[in-house]
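Working notes for the structure below.
Coordinate-derived values only; no laboratory data. Because the structure is a prediction, the values reported are computed rather than measured. Counting neighbours? That spans all protein chains shown, and the Cβs are built from the backbone with ideal geometry, glycine included.
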Amino acid sequence: MRILVTNDDGFGFGGLDALINVLRPMGDITVVAPKKAQSGMSMAVTMGYKPIAVHHIKNLPGEDWWYLDGTPASCIKYGIDNVLYPLRPDLVVSGVNHGNNAATAAVYSGTIGAAMEGAINGIPAIAVSLDDFRPEADFSAVKAMLPGILEKLLPVFNKRFGSFYNINFPALPESEIKGIRVSRMGIAHWEREYLPYNSEFLASRKHTPSQDDVNYVAAKQPDEDLVVMAGDFVGDPDNPQDADHLLLRQGYITITPHNLNNTDTAEIERLCGII
């Protein structure tokens, strides 16, 4: 099996290494990952005549590693169109993301966007996330339990065009995970999203800024203020019990089936009765 892999945190992050560790026994792996973090890019692509840097990192037995200075969806495009062509991947896997992609957070996610790019090309695709944003997150439960999930999921993969799966792991040791649940995408939104970016904020979140962030702050104009998107994630009170973000908080691994088809079929019937 040919497996095309990417993420949205960048090629040097631990989640990607954990995923490769899981996938190695399953087939030949081609990694095309972003050169730098591309979180929140959804299915955005780097397009037009903008130059895009690409680099062949290494070639190992059964593994070919590249980075692309573009979005996760662009990485999948490059893997399909340039690295693997004229062959095609049998499977696209994106992750393991540092941070969950449950509920409507999935709409924004670059990890999910990469899986969508696989699905739009008719390739079975899976996104995997861990509910831990720390760079030093512990992926041991993912490495222990994801192989069994894939063993069950891949043989029964939905062949309907546009289908893909979104898997979220709670930030718990394997022994504390309650089980695996098939779920639906929960409904939630962010409130009070942009907060002042200063030393008080960093101290309150126990966050150490990256060198890129330090450089950005140093280069800001004197008349500019700095803000950061770090608001409150608020769930809808009418969420069903099988909403993915609720099950994730309870300690379950969630598997949410998604589809590219955004057509509201119920609204079609309603409008046809009016127009």
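So between D17 and F161, what do we pick up on full extension, going 0.36 nm a residue minus the alpha carbon distance?
Values: separation 144, 0.36 × 144 = 51.84 nm, distance 2.93 nm.
Taking D17 through F161 to full extension adds about 48.9 nm, to one decimal.
Return M41, M26 ranked ascending by Cβ neighbour count within 10 Å, so the fewest neighbours appear first.
Values: M41 23, M26 16.
Final ranking by Cβ density, sparse to dense: M26, M41.
For the range 5-112, what is Rg from Cα atoms divided by 2.2 N^0.38 Å, rounded to two decimals?
Values: Rg = 13.1 Å, N = 108, 2.2 N^0.38 = 13.0 Å.
The value comes to 1.01.
Longer than 19 Å from Cα to Cα, which of K36/K58; K35/K220; K50/K77; K143/K178; K35/K77; K35/K58 are they? Say none if no pair is. The partial results should precede the final answer.
Details: K36/K58 17 Å; K35/K220 24 Å; K50/K77 16 Å; K143/K178 16 Å; K35/K77 15 Å; K35/K58 14 Å.
Cα-Cα > 19 Å for K35/K220; rest within.
Over the alpha-carbon set of the chain, divide Rg by the Kirkwood Rh and report the Rg/Rh ratio to two decimals.
We get a ratio of 0.98 for the chain.
To the nearest 20 debye, what charge dipole does the chain have about its Cα centre, counting +1 at the Cβ of each Lys and Arg and -1 at the Cβ of each Asp and Glu?
Details: 22 positive and 33 negative charges, 159 e Å.
So the dipole magnitude of the chain works out to roughly 760 debye.
How much of the calculated P(r) for the range 227-275 lies past 15 Å, in percent of all Cα pairs? Before the final figure, lay out the partial values.
Working: 810 of 1176 pairs.
Roughly 69 percent, once rounded to a whole number.
Go from 0 up to the bin containing the longest alpha carbon distance in the range 1-62, width 10 Å each, and give me the % of pairs per bin.
With 10 Å bins starting at 0, P(r) equals 18, 49, 28, 5.
For the range 104-154 and the range 69-96, what is the separation of their Cα centres, given in Å?
Between the Cα centre of the range 104-154 and that of the range 69-96, the gap is 15 Å.
Through the Karplus equation 6.51 cos²θ - 1.76 cosθ + 1.60, θ set to phi - 60°, convert the phi angles of the range 95-105 into ³J(HN,Hα) values in whole Hz; use x for Gly and Pro.
For the range 95-105, the Karplus-derived couplings read x, 6, 6, 7, x, 6, 10, 8, 6, 6, 4 Hz, x marking Gly and Pro.
Using only the alpha carbons of the range 130-275, determine the length spanned along each of the three principal axes and report them from longest to shortest in whole angstroms.
In descending order, the Cα extents are 56, 53, 29 Å.
So how do S39, S163, S74 line up by other beta-carbon neighbours within 10 Å, fewest first?
On the way: S39 19, S163 16, S74 25.
Ascending Cβ contact count within 10 Å gives the list S163, S39, S74.
Would you work out which of P222, I268, G186 lies farthest towards the positive end of the dipole of the chain? Charges go on Cβ: Lys and Arg +1, Asp and Glu -1.
I268
State the extension gain, in nm to one decimal, for the chain segment bounded by D212 and H56, taking 0.36 nm per residue of separation less the distance between their alpha-carbons.
On the way: separation 156, 0.36 × 156 = 56.16 nm, distance 2.34 nm.
Net length gain for the segment: 53.8 nm.
Grab the Cα-Cα distance for D138 and D238, subtract it from 0.36 nm times how many residues apart they are, and report the gain in nm with one decimal.
Details: separation 100, 0.36 × 100 = 36.00 nm, distance 3.25 nm.
The D138-D238 span can extend by a further 32.7 nm.
Write down the percent of antiparallel bridges among all DSSP beta bridges whose residues are both part of the chain, to the nearest 5.
Values: 19 of 48 bridges.
Rounded to the nearest five, the antiparallel share is 40 percent.
Which of E117, E193, E176, E224 comes first, and how do the rest follow, when ranked by fewest Cβ neighbours within 10 Å?
Working: E117 28, E193 13, E176 10, E224 7.
Lowest to highest Cβ neighbour count: E224, E176, E193, E117.
Please work out whether the range 27-174 counts as rounded, prolate or oblate from its C-alpha gyration tensor, where a ≥ b ≥ c are the square roots of the eigenvalues and a/c under 1.5 means rounded, while otherwise a/b larger than b/c means prolate and anything else oblate? Walk me through the numbers on the way to the answer.
On the way: a/c = 1.39, a/b = 1.27, b/c = 1.10.
Rounded, because the longest to shortest axis ratio a/c is under 1.5.
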